[in-house]
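Following: one structure in structure tokens, then a few remarks.
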Amino acid sequence: MPLCRRKRVLLTEPAPFLLDAVKSDPNKEVFYLRQTGEIFETYEEYASRMTFYKVKQFQCEVTGKSGLDYFQALESEHQEARTMQARFPEPLKGPVLRAVQWQVMGRLDHLVEAVYDRFKDRYFKDEKVLVDLQGEKYSARIVRVFPPNAYPPHHENQPSTSTSPSESSLSPISDDDAVHMVASDLKIAVKDSIAQDDPARYVYRVQILEEERPEKSKHAARDAMKSKMSGVIKDVQPSSLSRDRLSFSKSILRRFMRECVDRAPAVASPWTVKPSIAMRYGVSSQMPEAIRQGVENIKNKEIEKRKKVWEDKEGPPSKKMKKPIIEPDYGMAPSLDVAEQAEREAKEQAERKAKEEEEKAKKAEEKVKKKPIRYPTEDLDVRLNDKEKKAGMKVKRPVPSRRALPFGEDRHTFEMFLMAWNFLVVYGQPLHLSSFTLDEFEHAIRHSAMDPACPLLGEIHSTLIYNLRTVPFVRHGAIMSLLELKDSIANGERPDDLEHDDYGIPLPKLVDAVADVGNNWERVPLRTAEGREGWEDALVGCLKDHADVQKFPRLRAVFTQLLFAPPESADDPSPSTSASRPVSVEPTVLSEPSRPRERYHALPPKDRIAILGYMCNLAVSSKAIHAHMESCEENLTALRKEKIEVNRQKKAYVEEMDKLAALANEKDEANPTGVDGEAVVHDSSELSDAPSDVGSESESKPTSRKRDSKNKYPSMASARLKAKKKEEERKHALAEHRRLDEEVNKLERRLEGIERDFRRLLGAIRVKHLGRDRFYNRIWWFDGMGSGSLVATGGSVQYGTGRIFIQGPSEFDAEILGRRDHRELWERRLEEEGPEGMLGIGEWAVYDTIEEVDEFVAWLNSKGVRELALKNVFTKWWSHINPGIRKRMADLSANAKPPVPEGRRSSRSKQPSPDVTREPYMTWTNRRATNSS
């Protein structure tokens, strides 16, 4: 049975009312789990149990393999059982099972040891063994077992050399079922069993078996001799026999017994053979009375022993209250009332228990107080103390802005907008699209002027259209879905008001208009030199073949707005060229047929984002994107190997630098002046050339002075050479140290480049948040992923979003938060986040200034596990986060429009519109465009 947390998994029994329903309602529908045979009434119970089985938390009881689901563990046990049953000798199974039946042993290992010692030298009829004849081992089968004193007399002297026994010798001499009977009784000691039934005195008659030999063998002569021995019958002693290690060993025996025997959890319960296996091998399942009495005695002794140990540990139990004997009153004092005495003792016992509980609680509190808290720990368990608050640690998190989010009024639109930008930037290389910032993408989406056209919109849609040409599609799938919608309305399955949409265009008219546009979209050349002319019609054709009403709910409204225009009276007589012209929120009645190129500028941003989001989701399945992902995986593997090699080289350089620094320090300490030898020579020359202060001594000892000067000159020359050599060595060590320092700096710069490349390539496979704060809010930074680089070619700063996004907890994290005390959690969130800073599940906000990000990082508490990891990530990438945010703010300030003074405004003349062509999103160019046709 598979194990889960070292316990056997018990199958769920069917509910009692389900068992009753077999008779009362045999046709009742239930949910049946075929692999285990379990029955459930509801699908929720069935799914819950199946989910439990699918979790990789189970362990195979036989092999010990872990990390499996229930069905894998069960299959592993069945496979091992089949292998073990095939390997274990069949004639040995019955005797072993009869020996272990009703044995009382604490552990299975002890039982295995006892059985192995008893049966390792005993063999049984029809068992396959290995026999040693004249130094050669042959496979043989035992055909007869002769107990001691039962071997035929004419074979008594040479049992191992009989080659052709007569028919009389094969006659039944002893009962084969009666051999090794003493071995089945494990109560008898091993020495006594050998004395009563010595296995060494047995004689076994074996028949040599023919072995399969390879066609080409190096030992042809030996194989020929073994072939001649095939079928020969010999009588051998037990010392010439042995078993294959794969068929009989302690490990195989343990697996066999674990599969076949079981034991109750009660104290001193005996090992019993499972009923089905006992019936198969003829093992009695009825416990003999003598054995039952022995088991009961062992159980009583074990219980008394444990009881004695418990009493010695806890003290003697309180004596039971004896009932007073009520005697007749012969002038003596009346006895106490029994009920009153019982009540008094009950009060005393309750007081005693209360005191013991108080003492235990005090001891537990003391232990908790003594045990120090190890940081980092769970973030919600960390609270700022008064000392930390006085030190200046921030209590309240800076409030992130919801209004600064692009299209933040609609969460679904913002998430689709962010997803589309991230996809286009990350996969810019396979899409042949240069990177652009989130601000440029937002301004392009909001661009509502027909002339001048926005080049960014044309390039984005064109590259997606080229990519979707390689994705399989259904021709006129959108028209078919619109016709199905029309038929369902005609049949009364849909409301009649769906025949006309919000723009007043009936379905038949819309279908006819869609059928005439974009039919050749997969072959239309969208040339870069021509400004991608015709991409609007190709967009309609792409949606017509790739989309339908079910997958793209806004498809009908998009087609209507792209193919129909309002009446001429509703048009603006003087169209504005401003890109910020407000688009009417209320739906306009459309009636005049038009072309997509003339109507795309009037499409609301919400629908533009929906179109791009749908196309990006389709483009994920293209071959170009998949090939790019595989390339990123390979490059990531190469970067990991390179990082290991660079770190190894850096470590070697640092160790060598430490040795050089230590050598230089030693020389400096030994020679602090650096030119000690020269100083000594100088002093000595002065002494040798200077006249003596005492004239009488210099005149009396001229010979001695000359001899001293001669002895000093060689010593001064050698000192000068040593000092010069040491100085050269020191200079060489310093030069080598500087060279290695430069190499280490190069390796560190390469490690920084590897980290940037790793983030860029990993972002093309999956986007991961930086981390989570104490309230499980997720922190996102989307810069430097895919084709968007953090550093330009010249080393200047680049950014994609230039902001830090914060998202509320996921549903799973919200469930974890819900397990804590709601009141305490709510009070803490009010204190540390504020009512305006609390984010709901999946809700978004943003920090777009460096001051807010600095305050947020300062608010993080490194004593918490999540916030410590988040703070480390901020520290790692701060050299790119900080310049990116600052550069974005500088770009916004440079592109900001100066306000017009009040005195210069004129109500009579129309103010000139700003030059849209100078906006950054209008000056963007696609340097990766390769489509010439």
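The values are calculated or read from the model by the stated rules, or taken from the named source; none is laboratory data. These numbers were taken from a predicted model, which means no experiment stands behind them. Counting neighbours? That spans all protein chains shown, and the Cβs are built from the backbone with ideal geometry, glycine included.
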- Among what's in the stretch 459-479 and is among the charged types (D, E, K, R) and assigned to a loop (DSSP other than H, G, I, E, B), pick the residue that is surrounded by the most Cβ atoms within 10 Å (Cβ to Cβ). Arg469
- Item | Criterion (farther than 30 Å from Leu892 by Cβ, more than 42 Å from the chain's Cα centre (by Cα), in the same structural domain as Phe559 (by TED's automatic domain parsing) and among the hydrophobic types (A, V, I, L, M, F, W, C)) met by exactly one of Ile489, Ile465 | Ile489
- Task: Report, by residue number, each residue of the stretch 831-851 that is under 25 Å from Ala814 (Cβ atoms), touching a residue at least 12 places away in the same chain (Cβ under 8 Å) and not aliphatic (A, V, I, L, M).
- Result: Glu831, Glu832, Glu833, Gly834, Glu836, Gly837, Gly840, Gly842, Glu843, Trp844, Tyr847
- Task: Quick one: which residue in Ala792, Ala764, Ala814 is aliphatic (A, V, I, L, M) and under 28 Å from Leu892 (Cβ atoms)?
- Result: Ala792
- Item | Lone unmet requirement of (1) over 17 Å from Leu405 (Cβ atoms); (2) among the aromatic types (Phe, Trp, Tyr); (3) under 27 Å from the mean Cα position of the chain (by Cα) for Trp826 | (3)
- Can you tell me which residues in the stretch 713-759 are charged (D, E, K, R) and touching a Ser or Thr at 6+ places or on another chain (Cβ under 8 Å)? Arg756
- So is Asp813 closer than 16 Å to Asp379 by Cα, modelled with pLDDT under 90 and of a type outside the set (S, T, N, Q) or not? no
- Query: Taking the condition under 24 Å from Phe423 (Cα atoms), assigned to a loop (DSSP other than H, G, I, E, B), out of contact with any strand residue (DSSP E or B) (no Cβ under 9 Å at 6 or more places or on another chain) and in the same structural domain as Trp877 (by TED's automatic domain parsing), does Gly788 pass?
  - Reply: yes
- Has the stretch 736-746 got at least one residue that is closer than 24 Å to Lys887 by Cβ, among the hydrophobic types (A, V, I, L, M, F, W, C) and surrounded by fewer than 19 Cβ atoms within 10 Å (Cβ to Cβ)? no
- Note on the structure: Of the conditions (1) charged (D, E, K, R); (2) part of a loop (DSSP other than H, G, I, E, B); (3) outside the structural domain of Gly282 (by TED's automatic domain parsing), the single one that Asp121 does not satisfy is (3)
- Residue match in the stretch 127-146 (condition: of a type in the set (Phe, Trp, Tyr) and more than 30 Å from Pro275 (Cβ to Cβ)): yes
